[in-house]
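As structure tokens, the structure follows; a few thoughts come after it.
What follows draws every value from the coordinates through simple rules; no lab data is involved. Worth saying up front: this structure is predicted, and the values here are computed from it rather than measured. For neighbour counting, all protein chains shown are included, and Cβ atoms are generated from backbone atoms with ideal geometry for every residue, glycine included.
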Amino acid sequence: MKKKYTLKVFPAGAGREIYRVIELSGEHSLDDLCGAILSAFDFIDEHLYEFCMDNKMYSDWNYQSDPEDGEPSTRVKLDKIGLVMKQKFSLHYDFGDDWMFTIIVQKITETSERIAPTVIKEKGSIEQYSEWDEEEEDYEEQKE
């Protein structure tokens, strides 16, 4: 039997007004989970990231998207990392802007098939790059 994970994901600092609930199979990797989270929040996937299993940026208990010698990699399958009900961990995305997404394991069930990453519930929205940033960038380019 395969496992299906139901995860609630919300951007840190945004309160509980913005979130996504994502289901995916335990055969998917942390890379797949990152892609599902970024897609669910309509982010562009163009930066490094890490999964912080203790919710702390740059901690020793993490999985890296670009690991160095011996560091745990995000290519690991969800079933291999030992997720448990109500566990809380984070996705730290874009080490310049430091986006933090809190992830809570809501449910772990058995399934006979592989489940594609799917958003089953959503609330609110955020912008990866706000319009203000774009306007400021345009202004800076005009000054040069």
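For the reader, a short list of remarks on this structure follows.
- Lysines whose Cα lies under 23 Å from that of LYS80, excluding same-chain neighbours fewer than 8 positions away: LYS2, LYS3, LYS4, LYS8, LYS56, LYS88, LYS107
- Percentage relative contact order, the chain, counting C-alpha pairs under 8 Å, at least six apart: 36
- Ordering 4-13, 65-74 by mean Cβ neighbour count within 10 Å, with the highest value first, yields 4-13, 65-74.
- Quarter of Cα convex hull surface for segment 2-143, i.e. mean projection, nm²: 9.5
- Positive end of the dipole of the chain (Cβ unit charges, origin at the Cα centre): among SER59, PHE41, GLN106, the Cα lying farthest that way belongs to GLN106.
- With Cα atoms, 0 to 90° folded angle of helix 131-143 axis to the chain main axis: 40
- Degrees, to the nearest 10: 30-40 long Cα axis against longest axis of the chain: 50
- Relative protection proxy for 25-37, 99-111, from highest mean packing down: 25-37, 99-111 (other beta-carbon atoms within 10 angstrom).
- A simple charge model with +1 on the Cβ of Lys and Arg, -1 on the Cβ of Asp and Glu and nothing else charged puts the dipole of segment 21-103 at about 500 debye relative to its Cα centre.
- Value of [θ]222 nm, deg cm²/dmol, for the chain, DSSP H segments ≥ 4, -39500 (n - 2.57) each, nearest 500: -5000 deg cm²/dmol
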